[in-house]
Amino acid sequence: MGQDYPRYEVIISEIATVVVTNSEPVQELDKPDQEQEKSNFNVVVNSPKPKSFLFKWFSQLTIGKLYSDFVSLNGIQLLAVLVVILIPVVLFYSVKAMNQQSALNNADGNHHQMLKSHTDWVDQTLASSETFAPSPYEKYNQIRTKTQPILKELSGDPQRKAHLAMFLHEAGVTDIQEIEATCHSAASQRVIPSQNCTERLLDFYLGGDLKYAEFEGWSFYGATFRNADLRHANFRKTNLEGVNFEQADLRNANFTQATVTCEQLHQARFTTGVILDDALHAECNLPGSLVAATAQDKLRFEWF
């Protein structure tokens, strides 16, 4: 074995290498009692590269094994895996969108039926001619009591909320004043002058929710919004001649191109953020009011 033979190495794993020192097969000796030559094949154990504790811990986890399998995929296999992953995601969001649209459609139908039922009831109540019918004030206050929850139910429907307000205005139930019944003669029903006679005003919208109502382009001539919550309401291009905004909350309401006076706006309790045209803004000098251009810039800033 003094002759040097070529050295061949075959790596069978990252931890073992077979080293071949002789390409010729080993031949047996004639004498059975003579020791045979040692094998030409030697196994060399490689020292594994040191790996961090974090890597060993990660590789033992299921997610680590999945990651190893994932990065070993070729292009077509990777595309197939991505398709399998994306299909359930797309289906999930598609079903979610359809459910949301269905809920919106159901809510729209419910709001339509609710508004129709309420307006029909108001018409019947106003047309009632019972012998012992309540006074106009009591009758309209009854309508007010039943209207409050309807407005709250329509909080996400600004168009129908505005339609209801217009209907009530045209029906004449939002503004009524009367002399106390104790000031009337029981026999003739005529008014008896007295210092004890006082006027009662029906605050129809006291506690009513008219936020975000869409009044654009309508005419509310002579209407009453006393004590109404009109935050973010849109009165753009609306005829508001003679409208009463006494103690109303007009924060962030839009009055651009509306027919309205400073005297009317000064009746309101809150006017912060009211959007006005340049001329009206300069004339009224409302606390916290905004000109139309500034309001648009503010909305853009809040959006981004």
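Keeping to region 198-219, report how many residues are within 17 Å of Val274 (Cβ to Cβ) and open to solvent by less than 30 Å² (accessible area, probe 1.4 Å).
Summing the residues that are within 17 Å of Val274 (Cβ to Cβ) and open to solvent by less than 30 Å² (accessible area, probe 1.4 Å) in region 198-219 gives 3.
Just to be sure I understand, how many residues within region 80-94 are open to solvent by 90 Å² or more (accessible area, probe 1.4 Å) and of a type in the set (Gly, Ala, Ser)?
Residues in region 80-94 being open to solvent by 90 Å² or more (accessible area, probe 1.4 Å) and of a type in the set (Gly, Ala, Ser): 0 in total.
Is one or more of the residues making up region 165-176 more than 21 Å from Arg269 (Cα to Cα), at pLDDT below 85, of a type outside the set (Val, Ile, Thr) and assigned to a loop (DSSP other than H, G, I, E, B)?
no
For Glu130, are the conditions met, namely being more than 28 Å from the chain's Cα centre (by Cα), charged (D, E, K, R) and modelled with pLDDT of 70 or more?
On the way: more than 28 Å from the chain's Cα centre (by Cα): yes; charged (D, E, K, R): yes; modelled with pLDDT of 70 or more: no.
Criteria not met by Glu130.
Quick one: count up the residues across region 220-257 that are in a loop (DSSP other than H, G, I, E, B), among the acidic types (Asp, Glu) and crowded, with 19+ Cβ neighbours inside 10 Å.
Initially, region 220-257 is screened for residues in a loop (DSSP other than H, G, I, E, B), giving 220-223, 225-228, 230-233, 235-238, 240-243, 245-248, 250-253, 255-257.
From what's left, among the acidic types (Asp, Glu): 241, 246.
Now drop any that are not crowded, with 19+ Cβ neighbours inside 10 Å, which leaves none.
Adding up the residues that qualify gives 0.
Is there a residue in region 272-289 that is small (Gly, Ala, Ser), crowded, with 20+ Cβ neighbours inside 10 Å and at pLDDT below 95?
Keep residues of region 272-289 that are small (Gly, Ala, Ser), which gives 273, 279, 282, 288-289.
Remaining after also requiring crowded, with 20+ Cβ neighbours inside 10 Å: 289.
If we keep only those that are at pLDDT below 95 too, we end up with 289.
Checked region 272-289: at least one residue is small (Gly, Ala, Ser), crowded, with 20+ Cβ neighbours inside 10 Å and at pLDDT below 95.
Taking Thr119, is it under 23 Å from Ala228 (Cα atoms), at pLDDT 65 or above and either among the acidic types (Asp, Glu) or surrounded by 13 or more Cβ atoms within 10 Å (Cβ to Cβ) (or both)?
Numbers: under 23 Å from Ala228 (Cα atoms): yes; at pLDDT 65 or above: yes; either among the acidic types (Asp, Glu) or surrounded by 13 or more Cβ atoms within 10 Å (Cβ to Cβ) (or both): yes.
So Thr119 passes the test.
The values are calculated or read from the model by the stated rules, or taken from the named source; none is laboratory data. Fair warning: this is a prediction, and the values are worked out from it, not measured in the lab. Note that each Cβ is placed from the backbone with ideal geometry, even for glycine, and that neighbours are counted across all protein chains shown. In case anyone asks, the SASA skips ligands and DNA or RNA and just uses the protein heavy atoms, side chains included. Shrake-Rupley method; radii C 1.70, N 1.55, O 1.52, S 1.80 Å.
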